[in-house]
Amino acid sequence: MGLFGGRKTVFVDADILVIGGGMAGCGATYESRYWGRDLKIVCVEKANIERSGAVAQGLYAINCYMGMQWGENQPEDHVRYARNDLMGLVREDLGYDIARHVDSTVHKFEEWGLPIMRDPKTGRYQREGKWQIMIHGESYKPIVAEAARKAATEVYNRIMVTHLLMDTEKANRVAGAVGFNVRTGDFHVFRAKAVIVSAGGASHIFQPRSVGEGMGRTWYAPWSSASAYALPIQVGAKMTQMENRIVLTRFKDGYGPVGAYFLHLKTYTQNGYGEEYEKRWYEDTKALVGDYIDRHPVPTCLRNHAILKEVAAGRGPIRMVTKEAFQDPHKETVGWENFLGMTIGQAVVWASQNIDPKEINPELTTSEPYVMGSHATCSGAWASGPEDYAPAEYQWGYNRMMTVDGLFGAGDTIGGTAHKFSSGSFTEGRIAAKAAVKYVMEKGKEQPQVSEKEVRDLQQTIYQPLENYRVGRNEIVAGTVSPSYLLPIHGLQRLEKIMDEYVGGISTNYMTNGVLLDRGLELLAMLKEDMSHMGAEDLHQLQRAWELNHRLLASESVAHHTLFREETRWPGYYYRADHMKLDDANWHCFTLSRYDRNTGSWAMEKAPVYHIVD
Ligand SMILES: Cc1cc2nc3c(=O)[nH]c(=O)nc-3n(C[C@H](O)[C@H](O)[C@H](O)COP(=O)(O)OP(=O)(O)OC[C@H]3O[C@@H](n4cnc5c(N)ncnc54)[C@H](O)[C@@H]3O)c2cc1C
């Protein structure tokens, strides 16, 4: 069968196209229908929205809830919290916008059937920490997906979007997207007046600690493959804070969450000799970051920093002291349920390694870095802010619109807004959708124009790895290494090795410098040259090939941003050995990049940070 034999081309016209039906995508789809009763709203997802994205397996806590109905927190408090955790650099306008609306989102989740635990004494939602509320969340994603399914005109599952389409008549305006069905191979062309990208963040950019048969066991889901960044980057959208990768301290080998342990069970950490160690590194950290170390709570990256220093000093491993808390049967139940509700693998790892946390204090470790926009990190696209709150410099049109006309984003896609988590991502999807509907209404009957030639060329490019394999496999009689094509797994391992060794991964203890970054960029460019030789044995591998393409483009962006920011803003996430200190005089700013797909070059610039909340 030739390249296109037996495969259909499906054309879909939409008013609003939502790419990625995770938390933000479901929020966007739901809200698009609320404001756009008569609009055609299409959600396209590479898995199945029923169980897709980072929340697929369920969650045990909603990490962003103000509790304004009980006067627990105000949106300004959350802005201060996120700003502190990100060492001063967040888009306060965007964060405030999410925080002021997030409670209403959580109330909807409860209305739709999500069981939220309540404090029996007060009747309020059971708090795990200042911002987190506890849920019975195994079915969190199906509940949210049901709302999106009912709101959408059509949901297309199992379609991986590979490229955005641009308008042929109007410069810098988005016109839709293309992709392929990962089960049937059908080619899909979506034409849309507005596009909302909500395709999650990126794992497997850096070499993971788990290798070989365990390489899929990462903290962040392996299917989060950087499309949220690559799609906008390809069409020239500006990105921000891509250097702000996140490193997580988690239970060793299973990446089980520690939030409920610290906050609810009140467990704490010790070094390998049973000693407290954080205070030991106070002066050292202060010399690097000044009084950011005195802030409360201590920023996430700085807590990692103390662990890294202690382990490097030879006093590892770091352990979570669970033996005391687990004597209380209630806390023991919560400890196990926490894993069973969201990271079953950690319970299995403990069982298989003879770890009973009542008897043994389990080890913690720091993860490989990930790129995302909704956790204790804020990489992503540079977006226009809310009309009533954003400084003029942060407004160029509609709320959450990127620097490309008609292209919106939410959740992990949007940069500068840490700590939105699942509820905040859904909320941001709603915010983006409301603005996208307004955009579509104001454009009226104006249809974006798509170039037939561009679509045909993309079709050729997308399926080429199948052809490369079909022809090239005849040159070898056995094995997987071919002189004429590169399999996705080989390309992925090459990418991870480059990022790990040159851009601050685990093998260098998160350390890099200008010389390493320059070389890393050269090696990434060589990998990019080889991408036209990708070989895919089947549709599954074709998807892997395109995921690698997306990861590679996002990685280039991370490397350029890391090179541009000449300071170490987040020790514990990564270190610029040639600029080891935080430098507020020169770098209290956002970093922005813009990729030119015609030349393959990146333009970097700084953007001011406005502190709107005192
Ligand atoms: C390990 C982990 C633990 C977490 N724990 C908590 C917690 O306890 N509480 C909490 O509130 N939050 C938690 N979060 C945060 C929360 O999961 C995220 O904030 C949220 O899922 C982000 O929403 P999103 O829509 O941006 O991404 P996702 O929810 O990940 O959705 C992205 C969607 O895009 C789809 N997609 C990707 N690429 C393509 C493509 N090319 N074409 C089509 N579709 C595509 C994916 O399949 C997916 O469905 C956690 C996150 C992680 C990773």
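Candidates in the stretch 391-417 are the residues that are of a type in the set (Gly, Ala, Ser) and open to solvent by less than 10 Å² (accessible area, probe 1.4 Å); of these, the one that is nearest to the ligand (Cβ to nearest atom) is 411. Checking every residue in the stretch 350-367 against the condition of being among the acidic types (Asp, Glu), crowded, with 24+ Cβ neighbours inside 10 Å and closer than 30 Å to residue 497 by Cβ gives zero matches.
Once the stretch 162-206 is narrowed to residues that are hydrophobic (A, V, I, L, M, F, W, C) and open to solvent by 10 Å² or more (accessible area, probe 1.4 Å), the residue that is nearest to the ligand (Cβ to nearest atom) is 199. Residue count for the stretch 193-237, restricted to those that are without any contact (Cβ under 8 Å) to a residue 60 or more places away in the chain and in contact with a Lys or Arg (Cβ under 7 Å, 6 or more places away or on another chain): 1.
Counting only strands (runs of 3 or more DSSP E) that sit completely within the stretch 319-411, those holding 2 or more residues that are over 22 Å from the mean Cα position of the chain (by Cα) correspond to 319-321. For the stretch 62-90, the set of residues classified as within 16 Å of the ligand (Cβ to nearest atom) and under 18 Å from the mean Cα position of the chain (by Cα) consists of 62, 63, 64, 82, 85, 86, 90, listed by residue number. The sole residue among 276, 283 that is in a helix (DSSP H, G or I) and surrounded by fewer than 18 Cβ atoms within 10 Å (Cβ to Cβ) is 283.
Among residues of the stretch 329-349 being charged (D, E, K, R) and open to solvent by less than 60 Å² (accessible area, probe 1.4 Å), the one that is farthest from the ligand (Cβ to nearest atom) is 332.
The values are calculated or read from the model by the stated rules, or taken from the named source; none is laboratory data. The shown structure was predicted, so the numbers you read here are calculated from the model rather than taken from an experiment. With ideal geometry, Cβ positions are generated from the backbone for all residues, glycine too; neighbour counts draw on all protein chains shown. Accessible surface is based on the protein model in full, side chains and every heavy atom, while ligands, DNA and RNA are left aside. Shrake-Rupley method; radii C 1.70, N 1.55, O 1.52, S 1.80 Å.
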